[in-house]
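What follows draws every value from the coordinates through simple rules; no lab data is involved. All of these numbers come straight from a predicted model, not from anything done at the bench. Counting neighbours? That spans all protein chains shown, and the Cβs are built from the backbone with ideal geometry, glycine included.
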Amino acid sequence: MRNLLGFYVLLGFLLFVSCGEKAKKDEGPRPQQTNETLYSKVEQRGVILFFGTSLTAGMGLDSEEAFPAVIQQKIDSLDLGYEVVNAGLSGETSAAGKNRIGWVLKQKVDVFVLEIGANDGLRGVPIEETRKNLQAIIDTVRAKGPDTEIILAGMQIPPNMGQAYATEFRELFPSLAQENDLYLISFLLEDVGGNPKLNQQDGIHPTAEGQKILARNVWEVLYPVISK
């Protein structure tokens with residue numbers, strides 16, 4: 001009786017093993033995973049780099065209230081597939097921007113928005129010096145990415161340094177845009193500059209509501225570029 005029981009146990013084990021082997025044979029070889037199958041669903045997003053001053057950085061506000069973040073919200077709502085990078089730095093001058101431009105161009109940039117010059121104007125930097133620095137930044141962007149679209153943000157300043165200087169400063173931006181075939185935002189602070197309700201206590205930096213208007217001014221020029 002004990003021998004008969006051992007026989008059935010052995011028979012059951014052999015049947016289990018044979019069925020398992022058959023199942024493995026029926027499955028066939030597993031397909032090898034490749035990079036193509038792993039990353040076929042990864043969406044590539046373009047990069048929009050905002051290179052500017054405290055206006056771009058959103059000084060005095062949360063980062064999500066600065067106009068580049070508002071632009072990102074618009075882009076996402078329209079599913080346009082671009083990632084915004086805010087490279088704004090408070091106190092940035094054209095000379096300082098020229099020195100750090102190489103550092104921020106480590107990645108591929110599809111659209112480069114240049115918002116620098118206001119601090120030069122407020123400090124009375126000679127117009128020709130500002131022009132040379134901005135031209136150097138433009139040249140560096142073009143050398144790094146010949147296909148990068150460049151948008152220049154125009155600025156204006158009060159006539160503290162004299163009316164002649166203020167006029168020459170205002171005309172600098174459309175002149176550079178024309179010479180370099182750039183897209184131009186006529187005046188970034190349009191409908192915001194000089195309005196106490198839309199600026200913080202310093203009278204220079206926009207409130208969150210003011211930043212929304214800056215985003216609108218930028219969007220009017222940026223949208224046709226990224227929706228092509």
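Relative contact order, whole percent, for region 84-228 stands at 19, derived from Cα pairs under 8 Å and 6 or more residues apart. In this label model, residue 223 and residue 132 are separated by 4.1 nm, measuring between points 7 Å along each Cα→Cβ vector.
Calculate the dipole size of region 93-228 relative to its Cα centre from +1 charges on Lys and Arg beta carbons and -1 charges on Asp and Glu beta carbons; express the result in debye to the nearest 20. Mind showing how you got there, number by number?
Values: 14 positive and 17 negative charges, 86 e Å.
Approximately 420 debye in magnitude.
For region 90-123, the residues whose backbone nitrogen is under 18 Å from a point 7 Å from the Cα of residue 204, taken along Cα to Cβ, are 90-97, 115-123. Once both labels are positioned 7 Å from their Cα atoms along Cα-to-Cβ, the gap between residue 122 and residue 63 label points is 2.2 nm. When the Cα gyration tensor is reduced to axis lengths a ≥ b ≥ c, the ratio a/c is 1.5 or higher for region 51-227, and with a/b not above b/c it is classed as oblate. Close amide H partners of residue 150, meaning residues 5 or more places away or on another chain with modelled amide H under 5 Å apart, are 112, 183.
Measuring r between the beta carbons of residue 100 and residue 197 and using R0 = 25 Å, the FRET efficiency lands at 0.15. Electrostatic bookkeeping for residue 122 treats Lys and Arg as +1 and Asp and Glu as -1; over the other residues with beta carbon under 13 Å from its beta carbon, the sum is -2. A crude spin-label estimate for the pair residue 139 and residue 175, with each label 7 Å from Cα along the Cβ direction, gives 1.7 nm.
Subtracting the Cα-Cα distance from 0.36 nm times the residue separation, let me have the gained length for residue 164 to residue 44 in nm, one decimal.
Details: separation 120, 0.36 × 120 = 43.20 nm, distance 4.77 nm.
Length gained, residue 164 through residue 44: 38.4 nm.
Beta bridges from DSSP with both residues in region 51-227: antiparallel share about 10 percent, rounded to the nearest 5.
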